[in-house]
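The values are calculated or read from the model by the stated rules, or taken from the named source; none is laboratory data. A quick note: this is a predicted structure, and the numbers were derived from the prediction, not measured. Because the Cβ atoms are built from the backbone with ideal geometry, glycine has one as well, and the counts that use them run over all protein chains shown. Accessible surface is based on the protein model in full, side chains and every heavy atom, while ligands, DNA and RNA are left aside. Shrake-Rupley method; radii C 1.70, N 1.55, O 1.52, S 1.80 Å.
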Amino acid sequence: MALGYIAGSADTTGDAAAGADPKDKIRVYQLTMDALESSEAGRAGEALAMLAEVGTGRMLQPGVTGEGWSVKDVIAHNTWNEREVAEMLRTHSMATPGADLWRLPGNDERNQAIYEAYRDQPLSQVLADARQVYDDLVRQLERVSDDDLNDPTRFDDMPTDWIPWQIMAGCTFRHYPEHISDVNRWLATKEVKQ
C-alpha cells in the first residue's frame, strides 16, 4: 500500500552522512537500511488497518488534505514518489518518468501536477498500482549498496550536492507520517460528524 510509517529510528538528519570518515557513511547506510526495512515491514500492516477503517466507499471523498485530496489521491501521490525512487534505483539515473516534475520550482507545483495526472484514474487502478509499485520498491531497496545511498555520482543527472539516501527517505519513510496524520485527522472528523 502507499501509506506507511517508520517503526524505529535512525539518524536521518544528514549529520552522519556529512562526515568524511567512510565508517560514518557505512553507519548511515546501516541505519537507513534498518529504518527502511522496519518501516517497509511495519507500514503495510498500519496502512492496511487504516485503509480498512476508511473503506473503499470513502476513499473518494475529498477533504483529507488541505488541498482537498481524497484518500485515493494521497495513495496515488505516495505511489508516484515510490515509483520514482524504485526507477531511480533500478536505472541509477534521475532520468525517471517523472523527471520533469522534479525540476519544478517547488513541492506544491509538483504535488499539483501529480494530483492532476492521477485524479481521474479509477480507485481500483490506484490501489493495484500502489501494490505493484510497493513490491517493486522493496525489490530495488534490497539491491542498494552503501555507495548507492551516499554517492550522488552513482546516479546520472543527480545534483552533486544531493545525498541519495535523503532523497529516498524524503520520498518514502520520512514522507509517510505527514499523510498518515492527514488521514487520521480526516477519519476523526468523519467519526464526529457521523
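Which is over 18 Å from TRP80 (Cβ atoms) and open to solvent by 40 Å² or more (accessible area, probe 1.4 Å), of ASP147, ASP108?
ASP147
Tally the residues that are of a type in the set (A, V, I, L, M, F, W, C) and open to solvent by 80 Å² or more (accessible area, probe 1.4 Å), restricting the search to region 123-144.
The qualifying residues number 0.
With the requirement that a residue be acidic (Asp, Glu) and at pLDDT 90 or above, what does region 109-143 give you?
Matches in region 109-143: GLU109, GLU116, ASP120, ASP129, ASP136.
What number of residues in region 126-177 are under 11 Å from the mean Cα position of the chain (by Cα) and assigned to a loop (DSSP other than H, G, I, E, B)?
Looking only at that region, the number is 4.
Does region 182-193 contain any residue that is within 18 Å of the chain's Cα centre (by Cα), within 15 Å of HIS77 (Cα to Cα), in contact (Cβ under 8 Å) with a residue 40 or more places away in the chain and part of a helix (DSSP H, G or I)?
yes
Quick check on my filter: what residues within region 51-78 are within 14 Å of GLU116 (Cβ to Cβ), outside any helix (DSSP H, G or I) and in contact with a Phe, Trp or Tyr (Cβ under 8 Å, 6 or more places away or on another chain)?
Listed by number, the residues that qualify are GLU67, TRP69.
For GLU82, indicate whether it is touching a strand residue (DSSP E or B) at 6+ places or on another chain (Cβ under 9 Å), open to solvent by less than 60 Å² (accessible area, probe 1.4 Å) and assigned to a helix (DSSP H, G or I).
no
For region 150-194, which residues satisfy the criterion of being surrounded by fewer than 19 Cβ atoms within 10 Å (Cβ to Cβ), of a type outside the set (Lys, Arg) and in contact with a His (Cβ under 7 Å, 6 or more places away or on another chain)?
Matches in region 150-194: ASP156 only.
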